[in-house]
Structures are given as structure tokens and as C-alpha cells.
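Working notes, structure below.
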Amino acid sequence: MCDSCDPGLHFLAKALTEDLDLSEIDAPSEPQVSSEEPLQTTIFFNGPIITMEHDGFSPVEAMAIQGSTILAVGTVPHVQSEAGTGAFMHDLKGRCILPGFVEPHLHLILSALAERFLGNFSPPRLGNDGIGRLEEAKKLVETISGDPEHRGNPDLWVAGYGYDPSRVENHPDLVRDYLDAWSPNNPH
């Protein structure tokens, strides 16, 4: 992980991946294309196709590609006219196409895992209530430990990430005494 990554995320990444067998995963390679054969044109439709046009997520009805080049995006009739005759029509059946994500050091993957399995104790940010007071941290710990999956099961941990005492009112550390009082039946 990069130098600016949270050491806790580094520990989590190691813990989550140490037993994975990655030996069968091959590195991606460029497709071999013969210059003699024309590239197949494919039109994707009938599912959300998310572009990053206009500095944000901009869904379109259809997208045409040829090889690794996007030929057109927009309405189905527009994309069909740009792609020309003979394009293969690929029905997405409601599935979604997203822009490519370049993730060189696991932030995206860890963020997804963190949202599912860990409590977010991060400080307030735009669009996020966050933890700005110790009482809010207490409420989150109680919510997690009160979840039916955790309640009464001392083998399930209450785990979280992002707590920053410098951004919490009066700057209290989130110490074991608090956690034991808020969630006496689960380890922390």
C-alpha cells in the first residue's frame, strides 16, 4: 500500500488475502488482432451504461465498441447509425457497464469490504454524517453489537475503521473501557 494509506487498512488487506491462492490468475494481456480481419463491432443496450461525461456519472442507453475503441454512446438509434450495419447487438438484460477503475493498491476493494463488514467511524465529510462526537461512536458500536448476527455471539468482533480523535469533539481516544461498556458481549 502507499505511504499515505492507513496502517489498519494494510493490516486488513493482509489478513483478508493471506490464505488466497492466486497462482491460477494470469496477468491480463493485449488481445492478438490480425490486421487482415476486420474487428467486430458490438452494440451494448438494455442496461445502464455509465459514462463519466460532464464531470460525473452520466448514464446512456447504448454503446458501440470495435476492438478496444468506443465508437459511440447515446440512444440506441444514434449508436446504431454510428456503428453501421452488421454490428452485433448484445442485450445486457439489465446488467450494468461501468467505466474502468484503475486500482493500483486496493483502496476500491477495501472500501467495498469495509462498507460491508466494518463500522465506519470516519469524521464528518461532505455528504457523510460521520463521527464528530463520542456519543455518535457509542451509537454505532451499539448498533453493530445489537445486530442479530452479533447479539449474544461472543465470537463475532465489533470492528471499525476511520476513527480520528483529532476530528472528534474534545478529542477522546476510543479506548477499551468505552468499547467494553458499549458492547460487553463482543470482542473489539
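The values are calculated or read from the model by the stated rules, or taken from the named source; none is laboratory data. Just so we're clear, the structure is a prediction, and the values are computed from it rather than from any experiment. Positions of Cβ are backbone-derived with ideal geometry, glycine not excepted, and every protein chain shown enters the neighbour counts. SASA here: full protein model, heavy atoms, side chains in, ligands and nucleic acids out. Shrake-Rupley method; radii C 1.70, N 1.55, O 1.52, S 1.80 Å.
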Practice problem: Would you please list the contacts, defined by Cβ atoms under 7 Å and residues six or more apart or on different chains, that run from a residue in region 63-74 that is modelled with pLDDT under 90 to a residue that is open to solvent by 70 Å² or more (accessible area, probe 1.4 Å)? | Solution: G67/V33; G67/L39
Quiz item: Do any residues in region 158-178 that are closer than 9 Å to R133 by Cα and touching a residue at least 40 places away in the same chain (Cβ under 8 Å) have Cβ atoms under 8 Å from those of residues that are open to solvent by 50 Å² or more (accessible area, probe 1.4 Å) and not hydrophobic (A, V, I, L, M, F, W, C), where the two are at least six apart or on different chains, and which pairs are they?
Solution: R167/P124; V168/R133
Practice problem: For region 78-96, enumerate the residues that are in a helix (DSSP H, G or I) and charged (D, E, K, R). | Solution: E82
Quiz prompt | Matching residues in region 39-77 - criterion: being of a type in the set (D, E) and assigned to a strand (DSSP E or B) | solution = E61
Exercise. Could you list, in sequence order, all residues of region 18-60 that are open to solvent by 100 Å² or more (accessible area, probe 1.4 Å) and at pLDDT 90 or above?
Key: Q40
Self-check item: Residue in region 169-177 that is assigned to a helix (DSSP H, G or I) and open to solvent by 40 Å² or more (accessible area, probe 1.4 Å) present
Solution: yes
Practice problem: Can you tell me which residue within region 140-168, out of those that are over 15 Å from P124 (Cα atoms) and not in a loop (DSSP other than H, G, I, E, B), is least open to solvent (accessible area, probe 1.4 Å)? | Solution: V141
Quiz item: Has region 100-109 got any residue that is assigned to a helix (DSSP H, G or I), of a type in the set (A, V, I, L, M, F, W, C), modelled with pLDDT under 80 and closer than 30 Å to F45 by Cα?
Solution: yes
